[in-house]
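**Student:** One structure is given below, represented as structure tokens, and several questions about it will come after.
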Amino acid sequence: MTAVRLILLLGLASLLPAQIDRNARPRRAERSREYDVLHYRIKLKLNDAARALEGETRITLRPLRDGFDTLVLDAETFRVTSVEQLRFEQTPGKLTIHLNRPYRFDEELSVTISYRAENVAIDPTRHGMPKGYGLGISFKPETPSHPQLIHTLSFPEGARHWFPCYDHPNDKATSELIATVEARYQVISNGVLQGVTEDRAKGEKTFHWLQNQPHSTYLFAFAAGPYAQVTDKKGPLPISYWVFPNAAPDAERSFGKTREIIEFFNRELGYAYPWPKYDQIAIPDFGGGAESTNATVIGSKTIHDARADQDFPSHALVAHEAAHQWWGNLVTMRDWSHTWLNESFATYYEYVYMKHLLGRDEGALHLLGKKRAYLTEAREKYMRPVVLDRWNWPNDNFDRHTYQKGGVVLAMLRSLLGEEPFRRSITHYLKKHAFGSVDTHDFQIAIREASGQVLDWFFDQWIFRAGHPVLEAGYTWESGVMKLSVRQKQPDLFTMPVSIGVTTGGGKRVHKVWVRQRDESFDLPCPEKPLLVHFDEEELLLMELTFRKSTEELLYQLAHDNVIGRMDAAAALKPLANDPRVSAALRQAAADDPFWAVRRDAIFPTDAGFLRLRASQDRSSAVRTAALAALGQLHDASLAAFFEERFRADDSYRAQAEAVRALGRLGGRMQLLREAAAMKSPDDIVAAAAREALAR
Ligand SMILES: [Zn+2]
């Protein structure tokens, strides 16, 4: 599951930000089970025009105790019309069925429930989901951007809105869907298509899908509509992308790396993709993806034209949802309090793949983005343990603690354990719990079994406790010894290994120190006075750091450090740009640094001539956009023609939007602004900038 919103701000979370008021939230325990569902057979007849469904679900189960005579199921939105000859009651959210006799422990039984619903329009806000979220089942009329279609979103507790079930992740069952729809529709679902039958007289088609490996109900899904199927034929595993007909030409651009991603994870995880096929299905009004079992539904907005690819690539999203086919779908958190076992792992392996795809520097930037997203939440909203059994709705667990923080924690765990022990632990954990349910302790135990390492201390501080290290560091050098001092400023102390990169005229040396105390200092041998000291050379630690440096050291860092070090130096030097050495170094970095994000971050309000060059010539749209933003801050009317030229010439939607924004500040050019306001672009960024300018 991904909510796509990236904020690249590194704010210093104040030392004592708001904590979640645990007592204000109910304590949640994993749900106890009275029975074990083995299989769901879901028959649905769907009627778009009436936004109606007619359902018949047969549930096969085994009681988990003797004397089992009452079956209670989750059921919302639809009205049960009959349960064979059995007596039943439907109360808000529940269906209670009185069986014809008591059943013994483990005695298999089936019940068939008939139900229907008309004018379906589920209000997600009544179930803890945001407005506009298509919880359960949605009947979507045609709009300029998508055809008429029907789709489910069973995440987190949506399944109960389209079939009666035990709707909690700690029970897994096989499933089949038999859906009857208009003949012009395709139906895509979990598992393997068994067959399609057509009733020409009625103008209907019935699709029969079978998922014969157990999975949790929040992963059950189907979509029905006039989909175009784009298949990847480059390997044995059937891979298809199901998109709206007009999007077919662009589908490959977003989904084309799917096979490569799955093959990468097969190797990386040491566990082969466990499902018989992999479909990705576009749905409207959804900003992200939901990893239903081998049938991921993905927001159609990710599909984009060639121009947009430089600013809006889909690979991270595709990798994230594909990673879930292992993390969450194969091995599933047994309760929402352990959501990180799904989301942190998918977020972490998204990062591992992006690093593999784009290289070390882009990988470091990707991980930095995760850190910044968590730190922003920690500063602006709250800090909480990643595993917390206090929440109102399951969706409360889906925040930047369970995505980004947990993802970064896994990166630290890998470094701590070492490459091979970490990979062995991951493979062992997957094999041991395949098609099963887990909690955090299961992961700790798997690490211990595979590596011998008992890491309770690590999980206690990073997963079961709120917060992160807030450090102050500095150093002195004297006669061959560099004395590094570190202070922990946050309330609870952390224990952490830190790599210290020390560069002198004679080269770089990396030291490993363990920080444990409130105040600590480390004497590190260093023959010459350091030119640069890089705290956390590996860029792994999730922390806030204050490390005062001289302008000289920052200038050296801007020119010589790793990519994150150079970005940090650019940010630290910008307030000192009145110093001609600093402004010269920043211009040099903005023009010549090999990595785009350093050039972008070195852009500062300087002479228009320099910025015009960067805005029109840099190969990175992000750098051109940053230069246009800096030019816009000059409020120089003589630049209006340049902004218009950039709007017309730049092939980046982001740069175009920034040119429009700059023009808006200068006023005038109404014709161009109206033209831009009508322009199609991803996330509507160009039109939004024009509307803002016109409103101004
Ligand atoms: Zn996810």
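**Student:** With r defined as the distance between the Cβ atoms of LYS45 and ALA121 and R0 fixed at 22 Å, what FRET efficiency is calculated, to the nearest 0.05?
**Tutor:** The value I calculate is 0.70.
**Student:** If you don't mind, another one. Could I have the simple spin-label model distance between ASP309 and GLU380, label points 7 Å from Cα toward Cβ, reported in nm to one decimal?
**Tutor:** In this crude label model, ASP309 to GLU380 measures out at 3.2 nm.
**Student:** Got a sec to turn the phi values of segment 123-134 into Karplus ³J(HN,Hα) couplings, 6.51 cos²θ - 1.76 cosθ + 1.60 with θ = phi - 60°, whole Hz, x for Gly and Pro?
**Tutor:** So the J values, rounded to whole Hz, are 8, x, 5, 6, 10, x, 10, x, 3, x, 6, x.
**Student:** Compute the separation of the alpha-carbon centres of segment 571-607 and segment 89-152 and state it in Å as a whole number.
**Tutor:** 56 Å
**Student:** Please turn the phi angles of segment 267-278 into ³J(HN,Hα) values with the Karplus equation 6.51 cos²θ - 1.76 cosθ + 1.60 (θ = phi - 60°), one per residue in order, whole Hz, x for glycine and proline.
**Tutor:** 6, 5, 8, x, 8, 5, 3, x, 10, x, 7, 9
**Student:** What's the long-distance tail for segment 163-298, i.e. % of Cα pairs beyond 25 Å?
**Tutor:** Here the long-distance tail beyond 25 Å is 29 percent of all Cα pairs in segment 163-298.
**Student:** Which listed residue (ALA272, ALA655, PHE535) has the Cα farthest towards the positive end of the charge dipole for the chain, taking +1 on Lys and Arg C-beta and -1 on Asp and Glu C-beta about the Cα centre?
**Tutor:** ALA655
**Student:** Determine the calculated [θ] at 222 nm for the chain from helices alone, applying -39500 (n - 2.57) to every DSSP H run no shorter than 4 residues and normalising by the residue count; nearest 500 deg cm²/dmol.
**Tutor:** Computed mean residue ellipticity for the chain: -10000 deg cm²/dmol.
**Student:** Please state, to two decimals, what the Cα-based radius of gyration of segment 512-557 comes to when divided by 2.2 N^0.38 Å (N = residues).
**Tutor:** Dividing the Cα Rg of segment 512-557 by 2.2 N^0.38 Å gives 1.30.
**Student:** With every protein chain left in place, what is the accessible area per residue of the chain in square angstrom, probe 1.4 Å?
**Tutor:** Dividing the accessible area of the chain by its residue count gives 40 Å².
**Student:** Related question: Note down the nm distance, to one decimal, between modelled labels 7 Å out along Cα→Cβ at ASP36 and at ARG487.
**Tutor:** With each label placed 7 Å out from Cα toward Cβ, I get 5.8 nm.
**Student:** Quick check: net charge around LYS301, other residues with Cβ under 11 Å of its Cβ, Lys/Arg +1 and Asp/Glu -1?
**Tutor:** For residues surrounding LYS301, the net value is -3.
**Student:** At 0.36 nm per residue, and after removing the present C-alpha to C-alpha distance, how many nm does the segment from ALA649 to LEU86 gain when stretched out fully?
**Tutor:** 195.6 nm
**Student:** Using only the alpha carbons of segment 452-562, determine the length spanned along each of the three principal axes and report them from longest to shortest in whole angstroms.
**Tutor:** Dimensions of segment 452-562 along the principal axes of its Cα atoms: 43, 29, 24 Å.
**Student:** Still on this structure, please answer the following. At 37 °C and a viscosity of 0.692 mPa s, what translational diffusion coefficient does Stokes-Einstein give for the chain, taking Rh as the Kirkwood radius over Cα pairs? Give it in µm²/s as a whole number.
**Tutor:** 118 µm²/s
**Student:** Want the number for GLN194 to GLU362: 0.36 nm per residue separation, take away the alpha-carbon distance, what's left?
**Tutor:** Fully extending the segment from GLN194 to GLU362 adds 56.2 nm.
**Student:** Using +1 on the beta carbon of Lys and Arg, -1 on that of Asp and Glu, and nothing else charged, what's the dipole of the chain about the Cα centre, debye to 20?
**Tutor:** With only Lys, Arg, Asp and Glu charged at Cβ, the dipole is about 520 debye.
**Student:** Rounded to whole Å and sorted largest first, list the principal axis extents of the Cα atoms in segment 516-659.
**Tutor:** 59, 31, 25
**Student:** Rg/Rh for segment 335-462 to two decimals, with Rh computed the Kirkwood way over all alpha-carbon pairs.
**Tutor:** 0.96
**Student:** Using modelled backbone amide H atoms (1.01 Å from N, in-plane), which distant-in-sequence or interchain residues come within less than 5 Å of THR296's amide H?
**Tutor:** ASP279, ILE281
**Student:** With the alpha-carbon atoms as the only input, what is the per residue convex hull volume for segment 642-685 in Å³?
**Tutor:** Output value, Cα hull per residue: 62 Å³.
**Student:** Return the long-range amide H neighbours of GLN186 (sequence gap of 5 or more, or a different chain), with a cut-off of under 5 Å between placed amide H atoms.
**Tutor:** GLY225, TYR227
**Student:** Determine the share of the chain's accessible area contributed by carbon and sulfur atoms, expressed in whole percent, with a 1.4 angstrom probe.
**Tutor:** 50 percent
**Student:** Take the Cβ-Cβ distance between TRP457 and ASN100 as r, set R0 to 56 Å, and report the resulting FRET efficiency rounded to the nearest 0.05.
**Tutor:** 0.55
**Student:** Another question, then. Return the long-range amide H neighbours of LYS172 (sequence gap of 5 or more, or a different chain), with a cut-off of under 5 Å between placed amide H atoms.
**Tutor:** Residues meeting the amide H criterion: none.
**Student:** By how many nm would the segment from VAL510 to ARG267 lengthen if fully extended, with 0.36 nm per residue of separation less the alpha-carbon distance?
**Tutor:** The span from VAL510 to ARG267 would gain 84.5 nm if fully extended.
The values are calculated or read from the model by the stated rules, or taken from the named source; none is laboratory data. Bear in mind that the values here come from a model prediction, so they are computed numbers and not experimental data. All Cβ positions, even for glycine, are placed from backbone atoms using ideal geometry, and neighbour counts span all protein chains on display. Ligands, DNA and RNA are excluded from the accessible area calculation, which covers all protein heavy atoms including side chains. Shrake-Rupley method; radii C 1.70, N 1.55, O 1.52, S 1.80 Å.
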